[in-house]
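Trainee: Okay, handing you the structure first.
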Amino acid sequence: MNTNKINYLKSSHPIIEKLDLKIPLFIAPMLGVTSEALIISASQEKIFSFLPTGASEKLSRYIIQEIYENIVSKGNSDYIGIAIDMNRLKVDDSFFDFVLSLKPKAIWFSFGEASSYIKKCKQNNILAFTQLNTFKEMQDAIDADVDVLVAQGLEAGGHTGNKNSIVSLLPNIKDYLGKIKKTNQIAVLAAGGVVDSRTFKAARVLGADGVVMGTRFALSYESDYPERYKNNILNVKNNFDATLLSYEADLIMGRKKHSHQGRALINNILNNTVTKNLSENNLFITRITQKKYQQATINHDVANEIIWCSQNVGLINKLLSVRDIINEIEMELE
């Protein structure tokens, strides 16, 4: 591909172009990190972000509706969507109809089968985004007539696929869409390890119609990530071996094993747990480790907490406002 022909500031894909973004950038939904202020600020800058809905047993429909309506009233609804984690959220027709009733511009699906709901999005003129890391996940989404494929590489922070990097995902997905003549019908976004203008450009060169950033915006003033997490991450400084992809992080936190592994900052508790080969069957070690983690969250002991972040976290060296992050990237793309 001739990189001289790429306009990094704009996407030529019909779906992305129609969104009228400041730059072809989307902010990943991050449960416990994405704040109302972050979404509002991004929307005011004409950057698209998503409200993560969390787990149904912890976040009622009333609360979701209240938060969403508050965000929309203060921000620009043209740049605000809702994200659904199919692994953690107990999604049924009733819940999904509730989400549709909020009339978001787009819905982002991750970690589970969502074909029937993608079709409902199409029927209600709502853009459907599907996060994927495997060929089968891509095929299922295409068969359901998805609008946007989010190719999430294993470089991503938090829960992600553990098979493919964006270097392998992007060119293969774009070639496949070309083969089935759906290049203009389905947009492809790059997610995973994109934290600055350099990695943004690299993703576009590989064929991405737009990019998704998560960790970079977790390290914004507006995010809900605890300040101690932000400071701990900023101390990484160019260490590309600073994170670990594992199933153990969820077990440490007292959760059930997630369908996908999660990438977090290597620290005392994660390193020791993985070394000892913690498993769901080893309840004695699990309970001791979970208690240690719970105590660490009370004492703000970052060496024994779980800090989700991107593999490229070492490239981030300062906290900025959402607006300044966007403007800095835009300026460096010119």
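Trainee: Which of the residues spanning the range 228-271 are modelled with pLDDT of 90 or more and among the aromatic types (Phe, Trp, Tyr)?
Mentor: If the condition is that a residue be modelled with pLDDT of 90 or more and among the aromatic types (Phe, Trp, Tyr), then 229 is the only one that fits.
Trainee: Residue 121 passes all but one of (1) free of Cβ contacts under 8 Å to residues at least 40 places away in the same chain; (2) in a helix (DSSP H, G or I); (3) surrounded by fewer than 23 Cβ atoms within 10 Å (Cβ to Cβ); which number fails?
Mentor: Unmet for residue 121, out of (1) free of Cβ contacts under 8 Å to residues at least 40 places away in the same chain; (2) in a helix (DSSP H, G or I); (3) surrounded by fewer than 23 Cβ atoms within 10 Å (Cβ to Cβ): (3).
Trainee: Additional query: Name the single residue, out of those in the range 197-216 being of a type in the set (D, E, K, R) and either assigned to a helix (DSSP H, G or I) or modelled with pLDDT under 95 (or both), that is surrounded by the most Cβ atoms within 10 Å (Cβ to Cβ).
Mentor: 216
Trainee: Residues of the range 217-247 being assigned to a helix (DSSP H, G or I), touching a helix residue (DSSP H, G or I) at 6+ places or on another chain (Cβ under 6 Å) and within 13 Å of residue 315 (Cα to Cα), which ones?
Mentor: 233 - this is the single residue of the range 217-247 that is assigned to a helix (DSSP H, G or I), touching a helix residue (DSSP H, G or I) at 6+ places or on another chain (Cβ under 6 Å) and within 13 Å of residue 315 (Cα to Cα).
Trainee: Tell me, which residue of the range 156-191 that is in contact with a Pro (Cβ under 9 Å, 6 or more places away or on another chain) and open to solvent by 30 Å² or more (accessible area, probe 1.4 Å) is nearest to residue 145 (Cα to Cα)?
Mentor: My answer is 185.
Trainee: Quick one: is residue 194 touching a Phe, Trp or Tyr at 6+ places or on another chain (Cβ under 8 Å), touching a residue at least 40 places away in the same chain (Cβ under 8 Å), outside any helix (DSSP H, G or I) and open to solvent by less than 30 Å² (accessible area, probe 1.4 Å)?
Mentor: In short, yes.
Trainee: Among (1) at positive phi; (2) in contact with a strand residue (DSSP E or B) (Cβ under 8 Å, 6 or more places away or on another chain), where does residue 103 come up short?
Mentor: So residue 103 meets the others, but not (2).
The values are calculated or read from the model by the stated rules, or taken from the named source; none is laboratory data. Computed from a prediction, not measured in an experiment: that's the story for all the values here. Here Cβ is always computed from backbone atoms with ideal geometry, including for glycine, and neighbour counts include all displayed protein chains. Ligands, DNA and RNA are stripped out before the accessible areas are found, and what is left, the full protein with its side chains, is counted by its heavy atoms. Shrake-Rupley method; radii C 1.70, N 1.55, O 1.52, S 1.80 Å.
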